[in-house]
Amino acid sequence: MDRLANKVAIITGASRGMGASHARLFVDEGAKVVIADILEEEGEQLANELGDNAAFIKLDVTKKENWEKAVSFAEDTFGPVNVLVNNAGITMNKTIEEITEEEYRKIIDINQVSVLLGMKAVIPSMKKATIGSIVNISSLNGLVGGAIGYTDTKFAVRGMSKAAALGLAHYNIRVNSVHPGVIETPMIAQEDAKEAVKEFSKFIPNKRVAKPEEVSNLVLYLASDESSYSTGSEFVVDGGLTAQ
Ligand code: NAP
């Protein structure tokens with residue numbers, strides 16, 4: 001299949017979890033993919049497995065200089081970037097009374113400031129490509145409340161996507177946000193997230209958590225030209241959780 005023929009994509013946090021699943025599907029659909037993550041070993045392994053149409057670069061999404069390097073690397077390896085998936089993120093299951101200022105600033109940096117840095121970094125490349133699609137991974141907690149810090153950043157990602165969509169439409173660059181529910185990845189297997197996930201799962205109308213691939217199909221659609229008239233919108237993939 002070639003739903004992403006002629007696409008050059010950067011996917012952050014792509015060494016494992018949902019980002020890795022997006023990378024696999026993108027390569028299957030004809031894209032050239034830069035797997036960008038702080039996790040080197042897994043990222044290199046995945047790139048080797050996916051062959052010539054994938055390459056790994058170490059990217060800490062909170063660092064502007066890292067972003068500049070990643071975009072240059074993508075251009076030198078595959079050509080101008082026309083897809084960015086801002087997927088890297090962390091979770092933090094603290095109450096408002098527990099969370100410290102340092103923890104709060106950390107999650108804002110990784111989940112929110114990174115999205116701004118990523119979008120700004122790819123704009124010149126997308127202008128060269130004359131087309132672009134930015135997919136920002138938010139969460140169901142970008143629509144309804146959850147843990148302090150995490151919820152704040154994911155609401156911000158939803159808002160930033162709309163603001164950026166308005167600012168970039170005249171360059172033929174689209175920006176949308178994706179709102180996954182509970183997805184089976186290493187993130188939700190973490191000790192401090194397990195209890196919250198168990199609680200959430202009881203209320204999922206579909207009565208199950210999702211596989212990463214079920215989110216990848218939506219991200220693929222948004223990355224491709226099939227979604228050419230969608231920008232500044234939020235796309236929910238949550239088994240009906242927020243429909244209740
Ligand atoms: P994951 O399995 O933890 O994968 C996230 C990846 O991002 C990891 O490889 C992680 O590396 C990396 N990362 C963390 N900080 C980074 C940084 N500063 N720079 C670059 N990479 C960094 O998570 P996931 O479940 O696939 O989640 C992917 C996205 O979906 C996140 O934005 C998350 O908030 C969102 N989401 C997840 C769920 C869910 O149920 N899983 C639901 C809604 C939304 P380390 O392992 O070293 O941290």
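The values are calculated or read from the model by the stated rules, or taken from the named source; none is laboratory data. None of these values were measured; they are calculated from a predicted model. Using ideal geometry, Cβ is built from the backbone for each residue, glycine included, and neighbour counts are taken over all protein chains shown. SASA here: full protein model, heavy atoms, side chains in, ligands and nucleic acids out. Shrake-Rupley method; radii C 1.70, N 1.55, O 1.52, S 1.80 Å.
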Hey, in the GNM for the chain with a 10 angstrom Cα cutoff, which one of ARG158, ARG16, ARG105 fluctuates hardest? ARG105
Enter the angle in degrees (range 0 to 90, nearest 10) between the Cα long axis of helix 64-78 and the first principal axis of the Cα atoms of the chain, meaning the one along which they spread out most. 50
Volume per residue, Å³, of the convex hull around the alpha-carbon atoms of the chain? 117
ASN217 and ASN48 label points (each 7 Å along its Cα→Cβ direction) are spaced in nm at 3.2
Mind checking which of TYR171, ALA156, LEU218 is farthest towards the positive end of the range 103-225's charge dipole, using Cβ charges of +1 (Lys, Arg) and -1 (Asp, Glu) about the Cα centre? TYR171
Restricting things to alpha carbons, tell me how big the range 47-180 is in terms of Rg and Dmax, in Å. 15.7, 49
Can you give me the distance in nm between label points at ASN206 and ILE96, each placed 7 Å from the Cα along the Cα-to-Cβ direction? 3.2
Quick one: divide the alpha-carbon radius of gyration of the range 64-134 by 2.2 N^0.38 Å and tell me what you get. 1.38
Nitroxide proxy distance, nm - points 7 Å out along Cα→Cβ at GLN244 and SER230: 2.5
So, for the Cα atoms of the range 110-156, Rg and Dmax in Å stand at 13.2, 40
Could you state the per residue volume, in Å³, of the convex hull enclosing the Cα atoms of the range 187-237? 108
Within the chain, what whole-number % of the accessible surface is contributed by carbon and sulfur, with the 1.4 Å probe and all protein chains included in the calculation? 53
Enter the angle in degrees (range 0 to 90, nearest 10) between the Cα long axis of helix 150-168 and the first principal axis of the Cα atoms of the chain, meaning the one along which they spread out most. 30
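In Å², what does the accessible area per residue of the chain work out to with a 1.4 Å probe?
Roughly 47 Å² per residue, with all protein chains present.
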HN-Hα couplings for the range 201-212 via Karplus (6.51, -1.76, 1.60; θ = phi - 60°), in whole Hz with x for Gly/Pro, come out as 4, 4, 9, 7, x, 6, 6, 7, 7, 9, 7, x
The ³J(HN,Hα) series, computed from each phi in the range 105-118 with the Karplus coefficients 6.51, -1.76 and 1.60 at θ = phi - 60°, rounded to the nearest Hz and given as x for glycine or proline, is 5, 5, 5, 5, 5, 6, 8, 10, 4, 4, 5, 5, 4, x
The range 115-244: translational diffusion in µm²/s, Stokes-Einstein, Kirkwood Rh over Cα pairs, 20 °C, 1.002 mPa s: 138
